[in-house]
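Working notes, beginning with the structure itself.
The values are calculated or read from the model by the stated rules, or taken from the named source; none is laboratory data. Everything quoted here is computed from the prediction, not taken from an experiment. Because the Cβ atoms are built from the backbone with ideal geometry, glycine has one as well, and the counts that use them run over all protein chains shown.
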Amino acid sequence: MDQRQLYARALSHAAMALSGRPQLAAFLKVSEPTLDAWLAGDETPPLDAFLDSLDVIADGPYARGERRPIRVAAIKNR
């Protein structure tokens, strides 16, 4: 699985947690066409959008669609 597919999969799960694509687009503060391009794997979303989607997934059904400080971290291989 390449990076675009991984990001698209995470965004898709986040959309389900927020009850839809429009809610995720609003949460990420992007247009729905931009989100659709990310979900289709046509474009790679910024790292912040990917990390925000992981936070939404971590909150599961308790996600409210509110932005909050990022809890997950990206750790580069040494």
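So the values come out like this:
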quantity: Out of S31, S19, sole residue that is polar (S, T, N, Q) and at positive phi; calculated: S19
quantity: Within the range 1-18, considering residues that are of a type outside the set (A, V, I, L, M, F, W, C) and closer than 14 Å to E43 by Cβ, the one nearest to the chain's Cα centre (by Cα); calculated: Y7
quantity: All positions within the range 14-25 that are loosely packed, with under 15 Cβ neighbours inside 10 Å and either in contact with a helix residue (DSSP H, G or I) (Cβ under 9 Å, 6 or more places away or on another chain) or among the aromatic types (F, W, Y) (or both); calculated: P22
quantity: The range 41-75 - residue that is buried (at least 16 other Cβ atoms within 10 Å of the Cβ) and of a type in the set (D, E, K, R) and, of those, modelled with the highest pLDDT; calculated: D52
